[in-house]
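Let me begin by presenting the structure, written as structure tokens, before commenting on it.
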């Protein structure tokens, strides 16, 4: 049987080029395994081989994210591997970010399975752990011996196209996807043990983490309203008549940017709601009751506010569903910055 | 209260004219058992089949699973208020037939679930695949309403289990176990330094095929109350719940409640198992509020440090579960909850219909939406046609060759929320 | 969404009917609205009064934006 | 049938179940929805937005969304302020039901009349189980 072909990514340190002083080292490709790749090869038991190793300085990768990724993806493509593996990066922050980023880039470009390994506090886990398999390792290279068997086993499973078990079984960080598996003890025994730990104030791990709610510190108030540029953002789904962007009526996957330059009033027939989460009669009759353009235009004329931003942003967010709106709120914010907006009035239905 | 359980291990079941237990083989007289069942005029036909572990047999649609037990000493008989007088049970001696069960099968309404596969890839999902099952298949008499039929099937199962267990009344069990439940004062004197822990059991209580009975009382009409854990071992709690196969508690589960068993194991070692509170899962929201308030008050009254809460079902019981959990935590009592998940076939959706940051210690029985493909088995007890209209099955589930594609929620007990199984999810 | 926009550096006034949800999603300046289907208006009123009501809510929102807060605050009228 | 509910004149019933419609229309205001399961939830949501308050859990019973065509929900007849718990429950129920209906391949057109009747009966008994509690208070 032919061996699975693997390409391995490591940094300048594990590539035995040098320490921090060599962190600017640009990507280079060598054939066969290098450094930790030798140990990893031993885990394959002849079923796979590392055909090439790509070595790149951590500083270089992090300072040239896009070009480095593009160059490395091409190097990987030439080898036509079955699997791509990076690291493990342990608790090295820049190395971890590089491993996560290059794995994601290779996965997206070449559609092959990818994996890496790092310590739970490595920022790369937060950034990429939901999208790629990241094996949980110890915090330093002293954990190499225990990390490689886990990485090797998962790598072979990925290469064979086998079903990947739950995160705790395989040793990777949870991707937020619930996967069934069989524990060693029955649920009631686990519950009693968990309670005993909780009672003793010892650490315990819940099997189902509840959705979490984080907070943001309040931004300072605007000093002078009369020069402020006020923008309206709504999750009430107000759109031009006919919903040109086809914003979905629930849990929208996108948002709309609409010009209200020269518009004094959102009149019936020109504006409506795309929101499926409430009775639309009132909003369709007068969209100002969701996006108060009429009132803010008046206040602009009266000089109370500096100006009403010429665009408003609209999407459909459902009341209590913890929305996946994070992504487009970030995009909206980017545009609001470009438009020199001072403050935002967000309206929800 | 002290209860002694004496166990008989059943290695096989055979039909015979002379019923007896011999070298681990239980011989039962099918004609006599059927005659007893048919004494209920609401039932038109009844027959028995035997399904053994490893056989190529599928049982569907399963109504209830019951472990045969007989009380040989102490007050009352098994299943008080249901199949015997309402005497208080939970003390004395009870004999248990281990390794077997009585399974009731019969379509009460046209859609229903409950699959037990005795072999093949499906056998890992139902714990009852590992038992020697005496399967009672019944049909209703003409004109019997679904409500009456449900009651008749439930009673037939309980009676059959009691009749079978009578065979061991005069025999000597292979091993015994003792369970003692002290009153509050005695238990705190005996274990002054151990954390005080109780068990809160939530009982499904929502209507036809959704009910649970406590000493014969419909659980939706109870206020949360204290009960001795040993009472459950004598059948004080009986299942009338046939919807949602994977996470309903059968009568077998109630008799062998694993939370109770494991709390007893830890009792006197790492904790003081003070007792148990039973509460309900009603449809009416004010009932949910009242019951959760009262449950938290009882826990507070018992002076507890910790509580394990088990759930039954999904959807509206998630609301009860989170209410119970948050209100008990608000009393300064630490909780662990046991639930299961409906995270979608891809495992990406939110698992529960409710959530709270206070529910920070969760044990899960797994994702019930997981899809499985199961090849046909040689013999079907009941009718496999039902797989198309049972919870978790769907149109096209039954393939031409008899194979099934369905969610694991079709398997009786697959994601049990008493923590009966080893399955979990991450 | 309130949270993500605020994270990017803008003070946000969140006008919504269900203020507890606004708190849960992490808004810092919260302005109570009229009703879910019409947060800034009341179709049962005549147009002039409807607009007057809307103006009051918007003024409250602007008041919130010019007020420094240190924690999640609901601006009752 | 529905005798307990007779005493509670201020109950609104939203249902797409003919059996419930028949039994309850003598004593309550019934919004009969000719459509599917989800539409019952949406109508209920609109009523909650208007200030009615849930009496029964929108996911009552163990037959899950996507596994039955029928759904019945009871609300208070009086309109008061928007009730938070009702809102939260209905929103969550809509999200879950949408997903389960999409993922389930349940097609009520394939149901036989007997199956439909059985589903109606279960939905009915679940609601009926709430009726005895109607006089005992609301969540508001």
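Every read-out reported here was derived from the displayed coordinates using simple, explicitly stated rules and does not represent laboratory data. The structure presented is a predicted model; accordingly, all values stated were derived computationally and were not measured. Because the Cβ atoms are built from the backbone with ideal geometry, glycine has one as well, and the counts that use them run over all protein chains shown.
Antiparallel beta bridges, as assigned by DSSP with both residues in chain B, represent about 45 percent of the total such bridges. Across peptide B:213-225, the mean count of Cβ atoms from other chains lying within 10 Å of each residue's own Cβ comes to 1.
Between B:215, B:342, B:301, the Gaussian network model of chain B with springs among Cα atoms under 10 angstrom shows the greatest mean-square fluctuation at B:301.
For chain A, what is the percent of antiparallel DSSP beta bridges, rounded to the nearest 5? Here the share of antiparallel DSSP bridges comes out near 30 percent. If R0 equals 51 Å, the separation of the Cβ atoms of residue B:32 and residue B:178 corresponds to a calculated FRET efficiency of about 0.90.
Axis of helix C:47-65 versus longest Cα principal axis of chain C: the two differ by about 10°, to the nearest ten degrees.
When A:297, B:44 are sorted by how many other C-beta atoms sit within 10 angstrom of their C-beta, beginning with the fewest, the order is B:44, A:297. Neighbouring Cβ atoms from other chains, within 10 Å of the Cβ of residues in B:303-312, number 2 on average. Among A:132, C:74, a tally of other beta-carbon atoms within 10 Å of each Cβ gives an order, fewest to most, of C:74, A:132. Note on chain B: with a GNM built from Cα contacts shorter than 10 Å, the maximum mean-square fluctuation among B:46, B:198, B:403 falls on B:403. Give the separation of the Cα centroids, region A:59-79 to region D:80-140, in Å. So the separation of the two Cα centres works out to 54 Å.
Inter-part distance, region A:1-47 to region A:220-234, computed on C-alpha centroids, equals 54 Å. Reported to the nearest whole Å, the Cα centre-to-centre distance from region D:26-43 to region B:255-315 is 36.
The helix-based estimate of mean residue ellipticity at 222 nm for chain B, built from -39,500 (n - 2.57) per DSSP H run of four or more residues and divided by its residue count, is -6000 deg cm²/dmol to the nearest 500. A Förster radius of 45 Å combined with the Cβ-Cβ distance from residue A:250 to residue A:182 puts the calculated FRET efficiency at roughly 0.80. Counting only DSSP beta bridges whose two residues both lie in the protein assembly as shown, roughly 40 percent are antiparallel.
Inter-label distance, residue A:1 to residue C:44: 7.3 nm, where each label sits 7 Å from its Cα along the C-beta direction.
Each label point was placed 7 Å from the Cα along the Cα-to-Cβ direction; for residue D:102 and residue D:39 their separation is 2.1 nm. Projected label points at residue A:331 and residue B:17, each 7 Å from Cα along the beta carbon direction, are separated by 8.2 nanometres.
Partner shielding of A:276-285 amounts to 6, given as the average count of beta-carbon atoms from other chains within 10 Å of each residue beta-carbon.
Give the shape of region A:4-170 as rounded, prolate or oblate, defined through the alpha-carbon gyration tensor: a ≥ b ≥ c are the square roots of its eigenvalues, a/c under 1.5 means rounded, and otherwise the shape is prolate if a/b is larger than b/c and oblate if not. Please report the intermediate quantities before stating the final value.
Numbers: a/c = 1.33, a/b = 1.19, b/c = 1.12.
Since a/c stays below 1.5, the shape of region A:4-170 is classed as rounded.
Here's the picture: a label point sits 7 Å out from the Cα of residue B:217 along the beta-carbon direction, and within region B:240-281 the residues with their amide nitrogen under 17 Å of it are B:240, B:276-281.
Ranked from highest to lowest mean number of other Cβ atoms within 10 Å per residue, what is the order of the peptides B:87-95, B:279-287? If you can, show how the numbers build up before the last one.
Details: B:87-95: 21.0, B:279-287: 26.7.
Most protected by this proxy first, the peptides run B:279-287, B:87-95.
Given R0 = 30 Å, the distance between the Cβ atoms of residue A:241 and residue C:59 translates into a calculated FRET efficiency of 0.55. This ranking places D:27, C:16 by how few other beta-carbon atoms lie within 10 Å of each, fewest first, which gives D:27, C:16.
Need one word for the protein assembly as shown: rounded, prolate or oblate. Basis is the Cα gyration tensor (sqrt eigenvalues a ≥ b ≥ c); a/c below 1.5 gives rounded, then a/b vs b/c decides.
Details: a/c = 1.94, a/b = 1.28, b/c = 1.52.
Because a/c hits 1.5 or more and a/b fails to exceed b/c, the protein assembly as shown counts as oblate.
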